[in-house]
1. Please list, in order along region 123-128, the HN-Hα scalar couplings obtained from phi with the Karplus expression 6.51 cos²θ - 1.76 cosθ + 1.60 (θ = phi - 60°), rounded to whole Hz, x for Gly and Pro.
2. Can you work out ³J(HN,Hα) from phi for every residue in region 58-66, in order, using Karplus 6.51 cos²θ - 1.76 cosθ + 1.60 and θ = phi - 60°, giving whole Hz and x for Gly and Pro?
3. So how do 115-125, 285-295 stack up, highest first, on mean other-Cβ count within 10 Å?
4. For region 277-336 and region 359-375, write down the distance between their C-alpha centroids in whole Å.
5. Sequence-distant or interchain residues sharing an amide H contact under 5 Å with residue 55, placed H: which?
6. Leaving out ligands, DNA and RNA but keeping every protein chain, what accessible area does residue 165 have, in Å² rounded to the nearest 10, with a 1.4 Å probe?
7. Starting from the exponent 0.38 and prefactor 2.2 Å, build the expected Rg for region 296-417 from its residue count and divide its actual Cα Rg by it.
8. Output ³J(HN,Hα) for region 149-155: one whole-Hz value per residue in order, computed from phi by the Karplus curve 6.51 cos²θ - 1.76 cosθ + 1.60 with θ = phi - 60°, and x for Gly and Pro.
Amino acid sequence: MKKASVLTCTLLILTFLNSSAQELLVPLDREGKITTLIGTTARKLELFNEFDNVLEARLYKAGADMYFLEILYLSDNYPKKDRLQLNEFKVNELRKIVTDAIYEKDISLYLNQEGRPQFLATTAILSLSIWGPSVPILLELNKFSDVVGTWLIFSGVGFLIPYSICANSDITDGIANFASGGGILGTGHGALLSLLIGGKEVSLQGIYTGMLIGSLTELITNYHIAKKNNFSGGKSNVILLYSTVGSIYGIYFAGAVDFLKGFPKKFDAQATAVTVLLTSALGYTLGANIANSQNYTEGDVSFKLNSWIIGTLLPASLLVLGDNKSPEVYCSLMSLGGVAGLILGNELVKGYDFSKSDGIYNTLATFSGGLLGTGLGSILSSDVDSFPEKIKYAPLFAVIGGGLGYFLTYFVATKTADFETKVSNFNIEINPSALLIGNLAKTNEPMHLPLINFRYRF
């Protein structure tokens, strides 16, 4: 009987400890965003006034209908803690009070505006360079003072309006990146649409009209797409990267070689516009699919971009060294090198979550290495008399230097980057049994087993 009593007491103690250990920290508000309310915020919202100096408040769930409101406060300069037991009904009342107070007194608690400075900086630049000067051109103003005055007025307005509109809106890094990129790329897309409509005879007014409409349309559209789909900064940048690369390759496919060799007689403005817009759209689609294949950070995309640049410039540097002067060969090999660079960059970042700082260091190291290589190549060619020969080695040394800087910072970054299980897009299967399949086959049916099976998943 005594043993049974001891066992019962032990079980009760363990049950109590287990229930305490299973308390969950739950939100204090209906939106599910506030789990800890610090003292300054509580006083600003005028909550928990019955306590003198609230330090923080938290809500824990202990059971199906059991909650504990834990409040840490100062009393006579000593920290004290009260735990108030609440049921589901009381918790719902508490959450309504907290939520209403936030909406009435400090909506910023619900906003994520980490990307707002970047977004507004982009709109300011676009206002000064594209939107502002578009207005006097569209109005066909001729007087210098009218042109400058109108330009500056609308340049200022182009910043103030977005500043006011997004004051109480979420502007995450993902939203800012995608909207800003849309505003920039939309400028080019709008100009191409003007070329498509007007051909080579399009006026300056038509070009600026397309640039203004395209920039504003893509900025606003991308803002809503990123906000609706909760884009991260990395996902936004992946899509923008591939859309930009698609546009660049589209310029070549549209006949940029003829443009360089025989402008303006061989330049087909409408064909160029159609092709670049299509390849940009294809790049956008490909980028969206790749962005959904894994989690990309902004640092990851910087590594991919720099890898693409190195891959693009490597064939060009070799062609310069070989005195090749064919634009077709340059564009073809640079395009293939760029694709190889994107694939390599994608493999290098797979499984890692590089920080934005890692990406910045990689960009700076790649650029610095390129400068160092260019300088070294120039010194090696210092005894050559003709100008083309003087720069013959510089491009290759620049690419080598940039590559060394790239991989140096890459391997350093892998030491501290968050790591996930790395699954490669490359899949190579080797089947030695294929060599023996003929001897092992027991039926008359043909049997096919490849010795090597290579696949790449985009």
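1. Couplings: 5, 5, 5, 5, 4, 6 Hz.
2. 9, 10, 10, 9, 10, x, 4, 9, 9
3. 115-125, 285-295
4. 18 Å
5. Those lying under 5 Å, H to H, from residue 55 are 72, 73, 74.
6. So the heavy atoms of residue 165 present about 120 Å² to solvent.
7. Normalised by 2.2 N^0.38 Å, the Cα Rg of region 296-417 equals 1.14.
8. Along region 149-155, the couplings run x, 5, 4, 5, 4, 6, 5 Hz.
The values are calculated or read from the model by the stated rules, or taken from the named source; none is laboratory data. It should be emphasised that the depicted structure is a prediction, and the values quoted were computed from it without experimental measurement. Positions of Cβ are generated from backbone atoms using ideal geometry, with glycine treated the same way; all protein chains shown enter the neighbour counts. Note: accessible area is taken over every heavy atom of the protein model, side chains too, but ligands, DNA and RNA are not part of it. Shrake-Rupley method; radii C 1.70, N 1.55, O 1.52, S 1.80 Å.
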